[in-house]
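The values are calculated or read from the model by the stated rules, or taken from the named source; none is laboratory data. Quick caveat: nothing in here was measured; it's all calculated off a predicted structure. Neighbour counts run over all protein chains shown; Cβ positions are idealised from the backbone, glycine included.
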Amino acid sequence: MSATGETKAITPPDIRLRKGQAPLVCLTAYTTPIAKLLDRHCDIVLVGDSVGMVLHGLSSTLGVTLDMMIMHGKAVRRGLERPLLVVDLPFGSYEEGPEQAFHNAARLMAEAGCAAVKLEGGEHMAAIIRFLTARGVPVMAHVGLTPQAVNTFGGYRVQGRGDDAERLRRDAAAVTEAGAFSVVLEKVPEPLARRLTAEIAIPTIGIGASPACDGQILVVDDVLGMFTDFRPKFVKRYAELGSAAEAAIVAYAADVRERRFPAAEHVYATASKAKDVA
Ligand code: KIV
């Protein structure tokens, strides 16, 4: 809260200053009700392109479009006051070059109302990150396992093992030098995550990258037990809402079939009553 009683929204520079401080709490959100639940508890809320797999039933993030990100970004914006809202640039919306990246990042910021964008890639994306950050677009980078490159990797594999660690060190250094305010490290072994976190000046946000990172992020539907198609080792489920929801639907279906629902209290009388307004 500010002196005027207004909630102060967290900004990219605030996140940058959290390097080495209390761990950053980050989750994804794709809808207004979930954003409202996260508002008082998260530092960063990400509208990840994981929305394609989690809510739209796609088999990877490759089919996610800019319009989908804008629509979900707007929905999340309506539910958030305090956390920094970051929206993913989807596959194909930034890789051609700086101008394409700026055009689409500006659409996300103007239409969805996010204060930053996230894009995948290390060294080879540095020029694009530099171009965006110099023009008022704060960038969260994403290195290690970058799901938009799943076909190049040949699966959702741990990155940075053995000699491959040097590639990730170059990636993390390049996105830092290019001006990213933070970087997601995905599926990186603990010693490497610890080393990268010590070597770069911006906060590392881990997903499958150990507690050594400056913060943690998970997909909210994984945390709630709502997305159960697969479960990576790095996911911890804090609730089983998927099974609770199924149990509720089973009970509803049985009530309808047995004519137990609707019951008297759910039925409107002929003469209007005060309690009938809803
Ligand atoms: O798309 C996504 O949700 C992400 C995170 C989980 C980091 O990129």
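Odds and ends about this structure:
- Members of region 24-44 that are more than 13 Å from the ligand (Cβ to nearest atom) and part of a strand (DSSP E or B): V25
- Among the residues of region 208-230, just one is surrounded by fewer than 17 Cβ atoms within 10 Å (Cβ to Cβ) and in contact with a helix residue (DSSP H, G or I) (Cβ under 7 Å, 6 or more places away or on another chain), namely T228.
- Residues of region 47-66 classified as more than 8 Å from the ligand (Cβ to nearest atom) and not hydrophobic (A, V, I, L, M, F, W, C), total: 7
- Here the condition is being buried (at least 18 other Cβ atoms within 10 Å of the Cβ) and either within 18 Å of D49 (Cβ to Cβ) or not assigned by TED's automatic domain parsing to the domain that holds G73 (or both); of G160, G179, G121, it holds for G121 alone.
- One residue alone among I44, I10 is over 12 Å from the mean Cα position of the chain (by Cα), surrounded by 13 or more Cβ atoms within 10 Å (Cβ to Cβ) and closer than 23 Å to I70 by Cβ, and that residue is I10.
- Residues considered: V184, V267, V188. Of these, the only one that is out of contact with any strand residue (DSSP E or B) (no Cβ under 6 Å at 6 or more places or on another chain) and either within 21 Å of K118 (Cα to Cα) or surrounded by fewer than 20 Cβ atoms within 10 Å (Cβ to Cβ) (or both) is V267.
- Residues that are in contact with an Asp or Glu (Cβ under 7 Å, 6 or more places away or on another chain), within 14 Å of the ligand (Cβ to nearest atom), within 19 Å of I207 (Cβ to Cβ) and in contact (Cβ under 8 Å) with a residue 60 or more places away in the chain do occur in region 108-126, at least one of them.
- G225 being under 19 Å from D49 (Cα atoms) and within 13 Å of the chain's Cα centre (by Cα): no
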